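Undergrad: Got a structure for you, written out below as structure tokens; questions coming shortly.
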């Protein structure tokens, strides 16, 4: 396969950055040898200017370290009551035991139930799933 070579055509629209830098150096040397040497003569000190002393800015107060883990909140009287559920194995009503609220945002909720014949169950509020504990 033949390799295609590109030729770039440079159009002359103005001076190159090197030309600008070279000309700037020439002008600086002609005016005294240092960049901006002639500019100091043009500025007039305003006598009405108030100069305030520079003081270090006040430090922001130290914030307590962010908690990386939240502790679970266990209750038997949640704000929203637990649903009335039946055992998936024997169809008996499940007895409510406790609710655990925790996790990171959004907070999760688990309701713990017990069947007299089949044992403990956990109902996860977000997924609305009941499983054996």
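The values are calculated or read from the model by the stated rules, or taken from the named source; none is laboratory data. Every value quoted in this text rests on a predicted model; they were computed, and no experiment measured them. Every residue, glycine among them, receives a Cβ derived from its backbone with ideal geometry; neighbour counts consider all protein chains shown.
Undergrad: Hey, among 111, 125, which residue is within 12 Å of residue 78 (Cβ to Cβ), surrounded by fewer than 18 Cβ atoms within 10 Å (Cβ to Cβ) and in the same structural domain as residue 79 (by TED's automatic domain parsing)?
TA: 125
Undergrad: Is there a residue in region 82-93 that is surrounded by 15 or more Cβ atoms within 10 Å (Cβ to Cβ) and part of a strand (DSSP E or B)?
TA: No, region 82-93 contains no residue that is surrounded by 15 or more Cβ atoms within 10 Å (Cβ to Cβ) and part of a strand (DSSP E or B).
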